[in-house]
Amino acid sequence: MVKAKVRNAKVKIRKLSILLILTLCLSLLPAAVFATSAAAVTLNKISAIQPGGSVAVSGTSTLDEVIIQVLRPANSTLFYDIVKVKDGQFSRSFTLASSETVGTYKVVVGQADSIATQEFVVSVPAGGGSIGGGGGGGQAANTVTPANVQIHSSAITSNKVTGPDGKVTTAVSIDNKFLSDAFVQLKEQGKTEQTPIIAIKIGNIDANGTTNVSLPASVLIEGMKNSNAVIRIYSDKESYFLPLNVLNFDEIARSLGTDSSKVTFHVNISVAGNDLEKQIQESAGKKGASSLGHSVDFSIVAEGNGQTKELKEFGTNYVNRSISYTGTVDPKTSTGVLYDPTKQEISFVPSVFGENAEGKQQVTIKRNGNSIYGVVTSSKTFNDVKSHWAKSDIELLASKLVVSGATDSEFAPDHAITRAEFATLLVRALALTADPSAASFKDVQATDWYAGSIGAAVKSKLVSGYEDGTFQPNAQITREQMAVMVAKALSAAGLTVDSQPELLNKFTDNSQISDWAKASVSQSVKAGIISGMTDTTFVASANASRAQAAVMLKRLLQYAKFIN
């Protein structure tokens, strides 16, 4: 039942978003276009108001519900909401920011081609002086520090709306002048080893609440001529880092059937409500873990031409997002997790723990896509690893939900591992999305337990099959095959490790390493992920054990800075 509610809520949100966007597009057409349907919605007159005042939008409609959208003089969205019509009437009020620009604003109300429009004026306060509109006469400006520009608070407008379900949505927009200036200010600082960041501070998000930050592609595209920056959107508890180079503006625009300059990106940060937190806690319990709560859904939606496109995958770009927690969090027994609401399952996601600038515990989650994320704690061991050489690594990855035992109490560390099993571990370590349809091998069926992982490994170029079109999933994996998969995993994580074949000269049996594997083996050796069976031998054709696999995975994750 809870699952159905969550699914229905998400469907409704998507539907409403599309309606809002369609309304915006229609609002820019001549009024004559709507003459035939004007009777469906009427609007009461809105008197002139000053910045900081309250605006009341009301009227009548034959519709069940209407979409209210208020546009600034420059056509950016100031406010939107969806309102139920009761007894043929509707009403919604909101408060203008004290820094709101003076000028003529436009109200658009209705759905599809059944809309009404009205204008109202935001006037200069008594006593004169200009408000907003590019920095308050030059008094307001962004804060510039090395490799960082903080957008001035007066350039950030927020409007909160509480829906019938009690969920609060906050729409945030940025004054284009301040955003454009930030790119120039980054350029003026010159080159630096630090990542250039444009920081946007938003208000705190309550449980079951969402903040939607709108970023116009036209400003981002123009700004990237000066600085290929990362946009950081953050509150006291949540933070999202959007590298602009992960956005293929032209491709996204084509998919929406419009020009890239007419696309708007919406970065959404939603804090889970009680129902969702309960699902995550139940999923964690099934894996012997406990959720810390305060799970967050991060998403990006591109909007243009009356259409939307959710951006879910970023290729080899692992995007950072962070969540802060109170108290102490042990990185050895804690991990960031991704929650899949469809399967109602949690899974490991690359995550590093530390302190933020305020001294609070913080987890930085890294993934090449967006989803719902949280943190769980777990402490796992096995009876047969207590005196094993790989004990600490096995326990670390088991507690982080990367590896699991042969049974609940036994890990079988010295047993051989198969090609399918190791491919599955790599996919899990990189938090890749399962895709059975991509596992196009003769001996891999869609119903096999490993089909989804092998498909994901194929898409990310972690594995390849044999010349006869097979993958041989149940064959034991050799050390050189494992080294090749590890090297490809480094590339999939966006890392570059040069091949240095001369590193293999220290192994007296290096001639036994297959030619097709030598470059990858040297990369894995250079990264310190794989070493010889002894100081002077590699033993390329030896079958790898489950313990060796766990150790290599731990080294891979640490090399990529995917765990502490």
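Scoring 85-93, 253-261 by mean Cβ neighbours within 10 Å over their residues and listing the highest first yields 253-261, 85-93.
In a DSSP loop and with at most 12 other Cβ atoms within 10 Å, the GluC sites (Glu not before Pro) in the range 193-288 are Glu193. Taking all protein chains as they are arranged and a probe of 1.4 Å, the heavy atoms of Thr447 leave approximately 130 Å² accessible to solvent. The residues of the range 406-475 have, on average, 47 Å² of accessible surface per residue, using a 1.4 Å probe with all protein chains present. Considering only Ala420, Thr433, Asn356, the residue lying farthest towards the positive end of the dipole of the chain is Asn356, judged by Cα position with unit charges set on Cβ.
For the range 304-391, GluC sites (Glu not before Pro) are listed when DSSP marks them as loop and at most 10 other Cβ atoms sit within 10 Å of their Cβ; the list is Glu358. Near Ser379, once Lys and Arg are set to +1 and Asp and Glu to -1 for all other residues with Cβ below 10 Å from its Cβ, the sum equals 0. What a 1.4 Å probe finds exposed on the range 406-564 is 48% carbon and sulfur by accessible area, rounded to a whole percent.
Taking only the C-alpha atoms of the chain, the Rg (one decimal) and the largest Cα-Cα distance, Dmax (whole number), read 27.2, 88 Å.
Surface analysis of the range 328-402 yields an accessible area of 41 Å² per residue, using protein heavy atoms and a 1.4 Å probe. Only the Cβ atoms of Lys and Arg (+1) and of Asp and Glu (-1) were treated as charged; on that basis the dipole of the chain about its Cα centre amounts to roughly 480 debye. Against the chain, whose longest principal axis is taken from its Cα atoms, helix 176-188 shows a tilt of about 40°. Expressed as a whole percentage, what fraction of the accessible surface of the range 153-260 belongs to carbon and sulfur atoms when a 1.4 Å probe is rolled over the protein heavy atoms? Summing carbon and sulfur atoms, their accessible area is 44 percent of the total for the range 153-260. Per residue, the accessible area of the range 82-121 comes to 46 Å², computed with a 1.4 Å probe over protein heavy atoms only. The range 309-384 and the range 417-491 have Cα centres lying 24 Å from one another. Holding the Cα-Cα limit at 22 Å, pick out from Lys459/Lys526; Lys160/Lys360; Lys488/Lys554; Lys287/Lys391 the pairs that are longer than that. Cα-Cα > 22 Å for Lys459/Lys526; Lys160/Lys360; rest within.
Only one residue of Gln445, Pro331, Phe314 has its Cα farthest out toward the positive end of the dipole of the chain, where Lys and Arg carry +1 and Asp and Glu -1 on Cβ, and that residue is Pro331. In this simple spin-label model, placing a label point 7 Å from the Cα along the Cα-to-Cβ direction at both Ser153 and Glu119 gives a separation of 3.4 nm. Along its principal axes, the range 240-385 has C-alpha extents of 59, 35, 32 angstrom, given from the largest down. Here the spin labels are modelled as points 7 Å beyond Cα on the Cα-Cβ line, and at Ser541 and Asp448 they lie 2.4 nm apart.
The slack between Asp87 and Ser514, meaning 0.36 nm per residue of separation minus the straight C-alpha distance, is 145.9 nm. Each residue, Lys526 and Glu251, gets one label point 7 Å from its Cα in the Cβ direction; the gap between the two is 2.7 nm.
Per atom type, the range 276-386 shows carbon and sulfur on 43% of its accessible surface, probed at 1.4 Å.
The values are calculated or read from the model by the stated rules, or taken from the named source; none is laboratory data. Here the structure is a predicted model, which is why all the values come from computation and not from measurement. Positions of Cβ are generated from backbone atoms using ideal geometry, with glycine treated the same way; all protein chains shown enter the neighbour counts. For accessibility, only protein heavy atoms count, side chains too; no ligands or nucleic acids. Shrake-Rupley method; radii C 1.70, N 1.55, O 1.52, S 1.80 Å.
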